[in-house]
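All of the numbers you see were taken from the coordinates with simple rules; none came from a lab. From a predicted model like this one, the values you see are computed outputs, not experimental measurements. When we count neighbours, we look across all protein chains shown, and the Cβ atoms used for this are built from the backbone with ideal geometry, even at glycine.
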Amino acid sequence: MNLNVDINLTEGQKAAYELCHDPKNRVVTLCYSRQCGKSVLCELMVIEYLCKTGTFNGYLTPSYQLGRKVFKEIVSLLEPAGVVKRANASTLTIETIFGSTLQFFSAEAYRSIRGNTIDGILVVDEAAYMADELPNGENFWANVVLPVTKARKPLILMVSTPCGCKGFFYDYYNRGVNGWKGYASLKRTIY
């Protein structure tokens, strides 16, 4: 089955798309300014994984509202093509006819992330705006998010507008800039 999505990618989106498809990269970190097409790129990548057979994918946002927005956009792209088997707006879950699932998670309800195993792609949207430390003192990335990616080693796509020189997003961005094995980073502005 061919699913055609009529999108003209910008130079920055094309560069990021290529990094996501390079098998050497396990973590791709994009520090892009506003209106550079981060959400469109993330949606395109998630749609690719939803069209594969039997993947479990995650989409993590800082707020429930952002997750709801992206959920609606993905469903509106996939439903006309007959790819959606089930879409539950209350649980923010999309299941496709290929047996793949996309589950949205919110950093506001971090406990719901635990116990899952992501094996396709994990998109971390607006990562720089997620707290590093949870109210109970735990490290959000190391103790909550990273464990759901350990067993199956999915592609992790972190995107964000910049928000200071701190946090796990900043650390992972620098890993890519400094050439760590498995990490790639890009920075783009609207200009």
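If you wrap the range 52-94's Cα atoms in a convex hull and average its projection over all directions, what's the area in nm²?
Values: hull surface 12.8 nm².
Convex hull of Cα atoms, orientation-averaged projection: 3.2 nm².
Restricting attention to the alpha-carbon atoms of the range 1-73, what are Rg (one decimal) and Dmax (integer), both in Å?
In Å, with Rg to one decimal and Dmax whole: 12.9, 35.
Percent of Cα-Cα pairs per 10 Å bin, from 0 to the last occupied bin, for the chain, please list those.
With a bin width of 10 Å, the distribution comes to 9, 38, 39, 13, 1.
For the range 50-128, just the Cα atoms, rotate onto the principal axes and tell me the three extents in Å, largest first.
Reported extents, whole Å, longest axis first: 33, 23, 21.
Assuming R0 = 22 Å, what is the FRET efficiency of residue 7 and residue 86, from their Cβ-Cβ distance, to the nearest 0.05? Please report the intermediate quantities before stating the final value.
Working: r = 25 Å, r/R0 = 1.13.
Computed FRET efficiency for residue 7 and residue 86: 0.30.
Just to confirm the filter: which GluC sites (Glu not before Pro) across the range 93-191 are DSSP coil and have at most 16 other Cβ within 10 angstrom of their Cβ?
Numbers: sites: 95, 108, 126, 133, 138; in loops: 126, 138.
Answer in residue order: 138.
Quick one: Debye curve from the alpha-carbon atoms of the range 127-191 only, equal weights, vacuum; give me log10 I(q)/I(0) at q = 0.15, 0.26 Å⁻¹ to two decimals.
Evaluating at q = 0.15, 0.26 Å⁻¹ gives log10 I(q)/I(0) of -0.53, -1.31.
If you stretched the chain out fully between residue 191 and residue 111, how much longer would it get, using 0.36 nm times the residue separation minus the C-alpha to C-alpha distance?
On the way: separation 80, 0.36 × 80 = 28.80 nm, distance 3.86 nm.
Fully extending the segment from residue 191 to residue 111 adds 24.9 nm.
Looking at the chain as a GNM with Cα springs under 10 Å, which of 53, 61, 96 has the largest mean-square fluctuation?
Highest fluctuation among the options: 53.
Counting other Cβ atoms within 10 Å, keep those with at most 13, restrict to DSSP loop, and tell me which trypsin sites (Lys or Arg not before Pro) in the range 39-116 are left.
Numbers: sites: 52, 68, 69, 72, 85, 86, 111, 114; in loops: 52, 114.
Sites meeting the loop and neighbour criteria: 114.
I'd like to verify something in the chain: which complete DSSP H helices, judged by Cα projection on the helix axis, reach 20 Å or more and average at least -1.0 on the Kyte-Doolittle scale?
Qualifying helices: 64-78.
Output the Kirkwood hydrodynamic radius of the range 93-148, Cα pairs only, in Å rounded to one decimal. Spell out each step's value before the answer.
Values: mean 1/r = 0.0804 Å⁻¹.
Roughly 12.4 Å, rounded to one decimal.
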